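A.B. asks: My questions all concern the structure below.
The values are calculated or read from the model by the stated rules, or taken from the named source; none is laboratory data. Computed from a prediction, not measured in an experiment: that's the story for all the values here. Cβ coordinates were reconstructed from backbone atoms using ideal geometry, including for glycine residues, and neighbour counts include every protein chain displayed.
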Amino acid sequence: MADPHIKSPMDFWDYFTVIMYRLGFVVASIMVLLLPYQTEWASLGLLIAGTMLASSLHLYLKRFRFIFQFVAWIGLLCQIFGLPIFALGAMLLVVGGLSYKEYFCFRVFGLNAQPLLVAVIWLTILLDQMLLLQISSGISGILLVVLSIQKWRMPLHFDIGDKTKFEV
């Protein structure tokens with residue numbers, strides 16, 4: 001997690017990855033809300049959102065950064081090898097996990113429940129429970145919209161923090 005009170009110099013790639021990360025939450029918001037109605041398209045959109053988030057992640061701890069990136073790679077491979085339900089699960093894990101991380105920055109009520117919500121979303125798709133999918137996707141999507149708005153309201157350097165703390 002970045003230190004907002006520290007403003008490290010930012011280069012092109014810093015700006016690019018912060019913007020990509022924030023756009024990943026915007027795309028995830030839209031796709032989670034569309035999931036009950038356009039499951040196939042929304043699942044592909046979540047592949048894109050999860051990839052945007054995992055590839056542009058600014059976490060000081062290498063171990064956690066790599067876990068999210070590894071899960072996104074597994075999701076992409078599952079999609080390639082014809083296992084779309086597992087691909088969706090992987091990307092929901094990325095979105096839910098990073099939402100949980102962001103909870104500690106913004107304290108948005110309910111955001112810390114995202115990992116549970118995305119698990120429910122995945123299970124409702126697996127078990128074909130449309131009403132529960134609509135409810136859980138609606139709640140999760142609204143939380144992601146609030147998170148996206150909060151992220152875009154703060155300066156870009158807040159996502160970077162102190163570059164000297166990053167494990168390479």
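A.B. asks: Quick one: which of Val145, Val168, Val118 is of a type in the set (Val, Ile, Thr), under 20 Å from Val27 (Cβ atoms) and surrounded by fewer than 21 Cβ atoms within 10 Å (Cβ to Cβ)? Can you show your working first?
C.D. replies: Details: Val168 fails: under 20 Å from Val27 (Cβ atoms); Val118 fails: surrounded by fewer than 21 Cβ atoms within 10 Å (Cβ to Cβ).
Answer to the selection: Val145.
A.B. asks: How many residues does segment 120-138 contain that are touching a Leu at 6+ places or on another chain (Cβ under 8 Å) and closer than 12 Å to Leu35 by Cα?
C.D. replies: Residues flagged as touching a Leu at 6+ places or on another chain (Cβ under 8 Å) and closer than 12 Å to Leu35 by Cα within segment 120-138 amount to 8.
A.B. asks: Looking at segment 148-160 only, could you name the residues that are surrounded by fewer than 20 Cβ atoms within 10 Å (Cβ to Cβ) and more than 15 Å from Phe25 (Cα to Cα)?
C.D. replies: Pro155, His157, Phe158
A.B. asks: Which residue pairs have Cβ atoms under 9 Å apart, sit 6 or more places apart or on different chains, and have a first residue in segment 29-58 that is over 26 Å from Trp13 (Cβ atoms) and a second that is not in a helix (DSSP H, G or I)?
C.D. replies: Close Cβ pairs satisfying both conditions: Ala42/Leu35; Ala42/Pro36; Ser43/Leu35.
A.B. asks: Please go through (1) assigned to a helix (DSSP H, G or I); (2) farther than 30 Å from Ile85 by Cα for Gly138 and return the number of the only condition it doesn't satisfy.
C.D. replies: (2)
A.B. asks: Pick from segment 121-135 the residues that are part of a helix (DSSP H, G or I) and without any contact (Cβ under 8 Å) to a residue 60 or more places away in the chain: which of them is surrounded by the most Cβ atoms within 10 Å (Cβ to Cβ)? Steps first, please.
C.D. replies: Initial filter on segment 121-135 (part of a helix (DSSP H, G or I)): 121-126, 130-135.
Add one more test, that the residue is without any contact (Cβ under 8 Å) to a residue 60 or more places away in the chain, and what stays is 122-124, 126, 131-132, 135.
On the way: Trp122: 22, Leu123: 14, Thr124: 20, Leu126: 11, Leu131: 9, Leu132: 16, Ile135: 16.
Within segment 121-135, the match that is surrounded by the most Cβ atoms within 10 Å (Cβ to Cβ) is Trp122.
A.B. asks: Give me the pairs: first residue in segment 90-106 and at negative phi and at pLDDT below 95, second residue basic (Lys, Arg) and assigned to a helix (DSSP H, G or I), beta-carbon distance under 8 Å, and six or more apart or on different chains, which are they?
C.D. replies: Going by the 8 Å Cβ cut-off, the qualifying pairs are Glu102/Lys151.
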